[in-house]
1. Which pairs do you get when a residue that is without any contact (Cβ under 8 Å) to a residue 40 or more places away in the chain and among the charged types (D, E, K, R), found in segment 246-273, comes within reach of a residue that is crowded, with 19+ Cβ neighbours inside 10 Å and part of a strand (DSSP E or B), reach meaning Cβ atoms under 6 angstrom, with the pair 6+ apart or on two chains?
2. So which of 84, 90, 96 ends up being at pLDDT 95 or above, of a type in the set (A, V, I, L, M, F, W, C) and within 13 Å of residue 122 (Cβ to Cβ)?
3. Identify all residues within segment 227-280 that are touching a strand residue (DSSP E or B) at 6+ places or on another chain (Cβ under 8 Å), under 30 Å from residue 332 (Cβ atoms) and of a type in the set (Val, Ile, Thr); write none if there are none.
4. Quick one: residue 155 ticks every box in (1) modelled with pLDDT under 95; (2) not in a helix (DSSP H, G or I) bar one, so which box is it?
5. Filter segment 57-67 down to the residues that are touching a helix residue (DSSP H, G or I) at 6+ places or on another chain (Cβ under 6 Å) and more than 15 Å from residue 162 (Cβ to Cβ) and list them by number.
6. Filter segment 26-62 down to the residues that are among the small types (Gly, Ala, Ser) and without any contact (Cβ under 8 Å) to a residue 60 or more places away in the chain, then identify the one that is farthest from residue 196 (Cα to Cα).
7. Could you name every one of the helices (runs of 4 or more DSSP H) located completely within segment 1-115 that has at least 2 residues being more than 20 Å from residue 319 (Cβ to Cβ), in the same structural domain as residue 162 (by TED's automatic domain parsing) and over 14 Å from the mean Cα position of the chain (by Cα)?
Amino acid sequence: MLNELPRIPLALLPTPMEEAARLGAALGGPRIFFKRDDLTGAGLGGNKVRKLEFVIGQAIAEGADTLVVCGGYQSNLARVAAALGNRLGLQVELVLGGIPGERRDMTGNLLLDHLYGATIHYIETDPRWDFGSALDAVMAKLQAAGRRPFLMPLGGSTPEGMAGYVLATHEMMAQCRDAGITPTRLYVAVGSGGTYSGLLLGALNFAAPYKIIGVSVSRLADYLREKIPVEAANAASALGLQKVPAAHDLHIEDRYVGAGYGELTAGCRAAIELVARTEGVLLDPVYSGKAMACLIDHVRRAVIKPDETVLFLHTGGWPALFAYSASDLGLESPTASVLQNKGAVPKVRQAP
């Protein structure tokens, strides 16, 4: 059933797997490989592109002409959906929520949403992901106008969305064989849980050698340990997979969330800077930065041994960097100086 799902090829696949040798050396020894899903291409890339190949495939198979997408003000899913909607000729309606008082400056992903021309509806949500009746109201309005809307689930975390990362497991295992490595761990950020669940199902059903460390960016581990096995089991049934995760298969870290979703931590700031300065790779403050903070902390606390090889799934999202200020990122004192030019000012040649 997995190979029978409607799918639209949208991502640039396979994404590279690159050794982060300078990062590994800076941390004292483990081999670290980045799976570069920030380079999936469409809409500035990220993990959502793999998911939307299947989710939008389902929407088009059902005859939809409009995508209704919900998320936070800096939603990566919204940004990618808006870009792909334009490519495929679909209208895109974004319902973006945040807690009362949360900034929604036109920066980062939100700037791109406007540039892509998506219709944007703002709503205050408290708790953060409770959209109440807002989604139903948008769907009803579109239907009354003669549109055929498809409501995309939060994070694209349906069996269809998870299928993208079930199949990504094949891709990663082939790349590991080609590189001659046997990784023991794979680190990935966990938000709505769809990417983690897909990777977990892939690892269980295709006998991957690594365990998957999910680093929560918003929710408590206990909540995710209850939620993920249920949703993964439903996905396994829908996708025709035999093995489903039990509680002992889940490795969830929630100590790196900090004050909440999108709230920077000292570890996240340090991880973003270290990776930028050793590998020239950008992480984001919401997802990949916190996942890398966990990986770095695990190395320093010897949870990861110096002779191990680990994978880090870069889920993208780096456009959100530009929604944060230099002081947010701890860059109050940039390494820059002002030079004085005392030479002659060149003359400008006048046109005849």
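1. Partner pairs satisfying both residue conditions: 254/216.
2. On the way: 84 fails: within 13 Å of residue 122 (Cβ to Cβ); 90 fails: within 13 Å of residue 122 (Cβ to Cβ).
Unique residue meeting the criteria: 96.
3. Once the filter is applied, which keeps residues that are touching a strand residue (DSSP E or B) at 6+ places or on another chain (Cβ under 8 Å), under 30 Å from residue 332 (Cβ atoms) and of a type in the set (Val, Ile, Thr), segment 227-280 yields only 257.
4. Answer for residue 155: the failing condition is (2).
5. Pass one, segment 57-67, residues touching a helix residue (DSSP H, G or I) at 6+ places or on another chain (Cβ under 6 Å): 58, 66-67.
Matches in segment 57-67: 66, 67.
6. Looking only at segment 26-62, we keep the residues that are among the small types (Gly, Ala, Ser), and these are 26, 28-29, 41-43, 45-46, 57, 59, 61.
With the extra rule that they be without any contact (Cβ under 8 Å) to a residue 60 or more places away in the chain, the set shrinks to 41-42, 61.
Numbers: 41: 21, 42: 21, 61: 26 Å.
Filtering segment 26-62 for residues that are among the small types (Gly, Ala, Ser) and without any contact (Cβ under 8 Å) to a residue 60 or more places away in the chain, the one farthest from residue 196 (Cα to Cα) comes out as 61.
7. Details: elements: 21-27, 47-61, 76-88, 108-115.
Here the list reads 21-27.
A quick yes/no check of all residues on (1) under 20 Å from residue 194 (Cβ atoms); (2) β-branched (Val, Ile, Thr); (3) part of a strand (DSSP E or B):
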{"position": "281", "(1), (2), (3)": "no, yes, no"}
{"position": "290", "(1), (2), (3)": "yes, no, no"}
{"position": "294", "(1), (2), (3)": "yes, no, no"}
{"position": "303", "(1), (2), (3)": "no, yes, no"}
{"position": "312", "(1), (2), (3)": "yes, no, yes"}
{"position": "321", "(1), (2), (3)": "no, no, no"}
{"position": "325", "(1), (2), (3)": "no, no, no"}
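The values are calculated or read from the model by the stated rules, or taken from the named source; none is laboratory data. Just so it is clear, the model here is predicted, and its values are computed rather than measured. Ideal geometry is used to build each Cβ from the backbone, glycine not excepted, and the neighbour counts take in all protein chains shown.
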